[in-house]
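A quick write-up on the structure given underneath.
The values are calculated or read from the model by the stated rules, or taken from the named source; none is laboratory data. Because the structure is a prediction, the values reported are computed rather than measured. Cβ coordinates were reconstructed from backbone atoms using ideal geometry, including for glycine residues, and neighbour counts include every protein chain displayed. Accessible surface areas use protein heavy atoms only, side chains included; no ligands, DNA or RNA. Shrake-Rupley method; radii C 1.70, N 1.55, O 1.52, S 1.80 Å.
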Amino acid sequence: MDTTIAFILIFGSLVFFHELGHFIFAKRAGIMVREFAVGFGPKIVAITKGETLYTLRLLPLGGYVRMAGEDMDSVELQPGFRVGLVLNSKEQVIKIVLNQNKQQQDMLFLETERADLEKGLWIEGYDEEERLVRYSVSRKAVITENGKDTLIAPYDRQFNSKSLIKRAMTIFAGPLFNFILAFFIFLTIGLIQGIPTYEPIITGVNEDSPALEAGMQKGDLVTKIGEEKIATWQDLASKIQASAGQPLTFEFVRDGEVIQSSITPKAIEQNGETFGQIGVSYESPVEKNPLKAVAYGAEQTVTWMVKIFELLGMLITGQFTIDALSGPVGIYKATEEVAQYGIFNLMNWAAILSINLGIMNLLPLPALDGGRLLFFLFEAIRGRPIDRQKEGMVHFVGIMLLMVLMVVVTWNDIQRFFF
């Protein structure tokens, strides 16, 4: 149960911040957002505030921001449609009722001849006295069909009416917020837990080890090996591991005194490789410094972005296969393992997942944010947008292929972890 809660909280948070990026930049661009959804499937919670419906859905494996002008969003009133109109004091239409046959107070009936609910904002048709009349439509008018109200979306409030840079930033904002979230998680870890200094301080010496025989003690700070300066524990470890069986002159500081000692790393074989070992242990000291915590958050974010891109490169060049990929089941099992090592490891895992989600969404594949950005690039080069129907078909095919990939990866996860 703890793993399930942790998985839902982590994945839900990553999706929430991703969609929040799209939502905030859409609002700043003046785009009407019809729905902000976390999860897929049936609604669990639905709250309408302003012009946006906020929903929490059953499956916490994704989310979406539904913007006006996308996905057959607009309603077209075809000639011959019989509609009911409600007017305000300025004789503007504030409500258009479809499929309404019963006469209601303060409602006019019109047989539609023509209508423009996006740019001109008017509706024209024959009233009950067979007169051709035209009414202007309010920018905040509502279309009611089968008891469901939908705000009309004037063209200047639609996604496709905005400049190329505003549309691109609205799409890019989702992955961007995943990177920002990762930075703040790493920052929080640094502020609460402290920043590892990685100083090469010996925290333990094993019995019957080359280090003990050479007189090395707990608390010694290694400063040099031979003529090479040692600044971090990583420097120390890599030098020792690469020098199996070779005598090394260590210089270390103990209580302000500089000591030199010769130590020959013992050769250890593992997985067909030989590396040196002198028999010391290490626990990185930590430092609590707000400024260094900020630098640590940025450094960790960039480091993991680079690592994930390197793994993608290995996948593309065939250095590992699709069997190495994990889907929701694999992420769940990994979360279960990480959760055993405490809250800070779980937070670190969430930050890495957030970066991974951001990068995956930026891949130039149909149906992903990166695929949409690629179409914007084509638009910038051509000087005009790609036909929306053709683009929609490409994204539809992309969604189908992604679903097939998800099924394959999930099946591999199930076989790996349960069989």
Point to revise | Pick from region 168-200, criterion surrounded by 19 or more Cβ atoms within 10 Å (Cβ to Cβ) and of a type in the set (S, T, N, Q), ranking: farthest from Val294 (Cα to Cα) | key: Thr170
Practice item. Being free of Cβ contacts under 8 Å to residues at least 60 places away in the same chain and outside any helix (DSSP H, G or I) is the filter; apply it to region 283-333 and report the residue that is most open to solvent (accessible area, probe 1.4 Å). Key: Gln319
**Study point:** Residues that are within 26 Å of the chain's Cα centre (by Cα) and open to solvent by 40 Å² or more (accessible area, probe 1.4 Å), drawn from region 141-166
**Key:** Arg157, Asn160, Ser163, Leu164, Ile165, Lys166
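Quick check: anything in region 268-282 surrounded by 13 or more Cβ atoms within 10 Å (Cβ to Cβ), at pLDDT 90 or above and aromatic (Phe, Trp, Tyr)?
Checking region 268-282: at least one residue is surrounded by 13 or more Cβ atoms within 10 Å (Cβ to Cβ), at pLDDT 90 or above and aromatic (Phe, Trp, Tyr).
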Study note, to complete from the structure: Checked region 222-235 for anything surrounded by 14 or more Cβ atoms within 10 Å (Cβ to Cβ) and either among the basic types (Lys, Arg) or touching a Pro at 6+ places or on another chain (Cβ under 9 Å) (or both); matches are Val222, Thr223, Lys224, Ile230, Thr232, Trp233, Asp235
Review point. Among the strands (runs of 3 or more DSSP E) contained in region 1-116, which hold 3 or more residues that are touching a residue at least 12 places away in the same chain (Cβ under 8 Å), open to solvent by 20 Å² or more (accessible area, probe 1.4 Å) and closer than 28 Å to Glu336 by Cα?
Key: 33-49, 52-67
**Study point:** Residue list for region 373-391, filter: exposed (fewer than 15 other Cβ atoms within 10 Å of the Cβ) and either acidic (Asp, Glu) or assigned to a helix (DSSP H, G or I) (or both)
**Key:** Leu377, Phe378, Ala380, Ile381, Arg382, Asp387, Arg388, Gln389, Lys390
Check your understanding: Give me the pairs: first residue in region 225-242 and under 20 Å from Pro196 (Cβ atoms) and assigned to a loop (DSSP other than H, G, I, E, B), second residue open to solvent by 80 Å² or more (accessible area, probe 1.4 Å) and modelled with pLDDT under 90, beta-carbon distance under 7 Å, and six or more apart or on different chains, which are they?
Key -> Thr232/Tyr198
Check your understanding: So, of the residues in region 401-419 that are of a type outside the set (Asp, Glu) and under 11 Å from Pro328 (Cβ atoms), which turns out to be farthest from the chain's Cα centre (by Cα)?
Key -> Ile414
